[in-house]
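Derivation of every value follows stated rules applied to the coordinates shown; laboratory data play no part. In this text, all values refer to a predicted model and were calculated from it rather than measured experimentally. Cβ sites come from the backbone with ideal geometry, for glycine too, and all protein chains shown count toward neighbours.
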Amino acid sequence: FKAPSRDHPALYRDLLRTNRVHWIAEEPPAELVREKMMECHFRFRHQMALVPCVLTLNQDGSVWVTLVKPARAITPGQFAVFYKGDECLGSGKILRMGPSVYTLQQGKNREETPKKEEIDKIEPAT
């Protein structure tokens, strides 16, 4: 897929899934085990700014990563690296991604437009 511009909404995503995460200090962090969710930060490129996110632990040790705001050009095969403050918690390879901002916008636009069958059902006012 080639987007029409560098900032096209199709390049932005706010949900991804990793493989089993390699945790550094705690396997996995106690807060994540206890709450099944944990706020932290993540990056998937070495120099990029940290992005706030929420991790959801899956039974197989993988995590769903929900970003506070969509990030550009996340690609399967890259590594998601997780941080709490200055501490690196661990990392996992990105396997899957949720729908792009563009796809979500298209879905919203479709939901707002009534279908022809629905319009046909509307009784004309008398």
Can you figure out the FRET efficiency of ARG72 with ILE24, using R₀ = 30 Å and their beta-carbon distance, to the nearest 0.05?
0.65
Which net charge results when you count Lys and Arg as +1 and Asp and Glu as -1 among the other residues whose beta-carbon is under 14 Å from that of MET97?
+4
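State the extension gain, in nm to one decimal, for the chain segment bounded by ARG45 and ASP86, taking 0.36 nm per residue of separation less the distance between their alpha-carbons. Please list the in-between numbers first.
Numbers: separation 41, 0.36 × 41 = 14.76 nm, distance 1.65 nm.
Gain on stretching ARG45 to ASP86: 13.1 nm.
Over segment 9-97, what relative contact order in percent results from Cα pairs under 8 Å that are six or more residues apart? List each step's numbers first, then the result.
Numbers: 198 pairs, mean separation 36.1, N = 89.
Relative contact order, segment 9-97: 41 percent.
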Whole-Hz Karplus couplings 3J(HN,Hα) for segment 31-40, θ = phi - 60° and coefficients 6.51, -1.76, 1.60, Gly and Pro as x, run 4, 5, 5, 5, 8, 6, 9, 7, 7, 7
Amide H partners (placed H, <5 Å) of LEU89, local residues excluded:
PHE82, TYR83, LYS84
Could you give each residue of segment 58-65 its phi-based ³J(HN,Hα) in whole Hz, using Karplus coefficients 6.51, -1.76, 1.60 with θ = phi - 60°, and x for Gly or Pro?
9, 4, 7, x, 7, 10, 8, 10
